[in-house]
1. Restricting attention to the range 59-75, and to residues there that are in a helix (DSSP H, G or I) and open to solvent by 80 Å² or more (accessible area, probe 1.4 Å), which single residue is farthest from LEU43 (Cα to Cα)?
2. Failed condition for PHE10, given (1) modelled with pLDDT of 95 or more; (2) hydrophobic (A, V, I, L, M, F, W, C); (3) loosely packed, with under 12 Cβ neighbours inside 10 Å, with all others met?
3. Could you check, for the range 55-69, whether at least one of its residues is touching a Ser or Thr at 6+ places or on another chain (Cβ under 6 Å) and modelled with pLDDT of 95 or more?
Amino acid sequence: TIMIRLNGFFEVKEGVSEAQVKALSDELVEKSLKDEGNHGYDLFHSTTRPNVFMFCETWENDELLDKHSNSEHFTRLVPQIEALTKDGLHLERFDK
């Protein structure tokens with residue numbers, strides 16, 4: 001079985017509060033954890049770079065990841081989160 005790990009890094013813009021990021025991210029995490037094929041979805045805050053966050057997510061396969069990427073919560077929340085970033089989300093994918 002393939003397992004897909006996605007790490008999505010982003011840096012928030014000047015003047016954006018952690019509370020703004022957390023409000024949107026917490027909803028994304030909560031709803032994504034309920035998506036079929038999800039095996040983990042967390043938001044981490046960097047201790048070495050104060051404005052940097054990372055989503056860490058694990059998916060069963062590409063089909064279920066695609067379904068998540070097209071879900072209502074993903075398509076609504078991710079653009080709002082990206083609007084708070086300096087230059088968007090940078091994804092790194094790892095397969096097991």
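1. Looking at the filtered set, the residue picked out is GLU63.
2. So PHE10 meets the others, but not (3).
3. Checked against the condition, which is being touching a Ser or Thr at 6+ places or on another chain (Cβ under 6 Å) and modelled with pLDDT of 95 or more, the range 55-69 yields no hits at all.
For (1) surrounded by fewer than 16 Cβ atoms within 10 Å (Cβ to Cβ); (2) without any contact (Cβ under 8 Å) to a residue 12 or more places away in the chain; (3) assigned to a strand (DSSP E or B), each residue gets a yes or a no:
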residue	(1), (2), (3)
ILE2	yes, no, no
LEU28	no, no, no
GLU36	yes, no, no
HIS39	yes, no, yes
PRO50	yes, yes, no
GLU57	no, no, yes
GLY88	yes, no, no
GLU92	yes, no, yes
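The values are calculated or read from the model by the stated rules, or taken from the named source; none is laboratory data. These numbers were taken from a predicted model, which means no experiment stands behind them. All Cβ positions, glycine included, derive from the backbone under ideal geometry; neighbour counts span all protein chains shown. Note: accessible area is taken over every heavy atom of the protein model, side chains too, but ligands, DNA and RNA are not part of it. Shrake-Rupley method; radii C 1.70, N 1.55, O 1.52, S 1.80 Å.
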